[in-house]
Amino acid sequence: MSGPTVVGFSGNITRPSKTYAFVEHIVRDVARRNGLSANVYDIADLGASFPAARRAHDLEATARDILERIISADVLVVGSPTYKGSYTGLFKHFFDLVDPAALRGKPVLLTATGGGDRHALIVEHQLRPLFGFFEAFTLPTAVYAVDRDFVEGIPASQSILDRLAQAVGEASVVLSSTSKHLLPLNSIGPGGGTESFASISLKPAVSIAVTE
């Protein structure tokens, strides 16, 4: 790929999908604000070779290309519908194929959707530890959305729009800092504590959780 990119990956297993639309909305916003090229993918894009793949080299060319685009992205936006309190199995299977060191230091914006507020902690208890294993830099603000936050599949509630703006703002700070070589990502702690976020007023996590 040429030029800086933001890539989204959604764990939805059916189409159309609110989760995919949610991830796409965020990716387009990050791209617009930072002058990046953008791509968004979901499980269906990976093709027939994906479910049985045990290693990355078992994937067909299209799926391998998506994997490489995700690994090479300057910032990654991930999202999954919530099933039984966690991300989808095929979402996890995809990241099982990623080399443990491939996402080290990569800025990752975490999102999830679910049917009710009781699943809101999926972003903190499931997604953040998963990307912590990869030593990725997960942005401080993660976003969980429920059905009432959408109108015709588009994020619409003011609370979720405010939280999305905060998360996208954090992504912009990291992208700006790294482009100026002011903030080496491998020096950032897992909690995201850094003076670069001093200008952002971080709000406490709120339950904002959609069916796929």
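The values are calculated or read from the model by the stated rules, or taken from the named source; none is laboratory data. Just so you know, these numbers come straight off a predicted model, no measurement behind them. Cβ sites come from the backbone with ideal geometry, for glycine too, and all protein chains shown count toward neighbours.
Given the conditions (1) at pLDDT 95 or above; (2) surrounded by 23 or more Cβ atoms within 10 Å (Cβ to Cβ), which single one is not true for E124?
(2)
Any chance you could count how many residues in segment 146-203 are part of a loop (DSSP other than H, G, I, E, B) and at pLDDT 50 or above?
6
Of all helices (runs of 4 or more DSSP H) completely enclosed by segment 1-96, which ones contain at least 2 residues that are under 17 Å from G115 (Cα atoms), out of contact with any His (no Cβ under 8 Å at 6 or more places or on another chain) and among the aromatic types (F, W, Y)?
Qualifying helices (runs of 4 or more DSSP H): 18-34.
Among (1) surrounded by 18 or more Cβ atoms within 10 Å (Cβ to Cβ); (2) under 21 Å from S72 (Cβ atoms), where does A142 come up short?
That leaves (2) as the condition not met.
Do you know which of the residues in segment 1-58 that are in contact with a helix residue (DSSP H, G or I) (Cβ under 7 Å, 6 or more places away or on another chain) and basic (K, R) is modelled with the highest pLDDT?
Applying the filter and picking the extreme gives R33.
When the residues of segment 104-141 are narrowed to those that are basic (K, R) and in a helix (DSSP H, G or I), which ends up farthest from S172 (Cα to Cα)?
Filtering segment 104-141 for residues that are basic (K, R) and in a helix (DSSP H, G or I), the one farthest from S172 (Cα to Cα) comes out as R118.
Restricting the first residue to segment 39-68 and requiring it to be of a type in the set (S, T, N, Q), which pairs with a second residue that is at pLDDT below 95 meet a Cβ separation below 9 Å and a spacing of at least six or different chains?
Close Cβ pairs satisfying both conditions: N39/M1.
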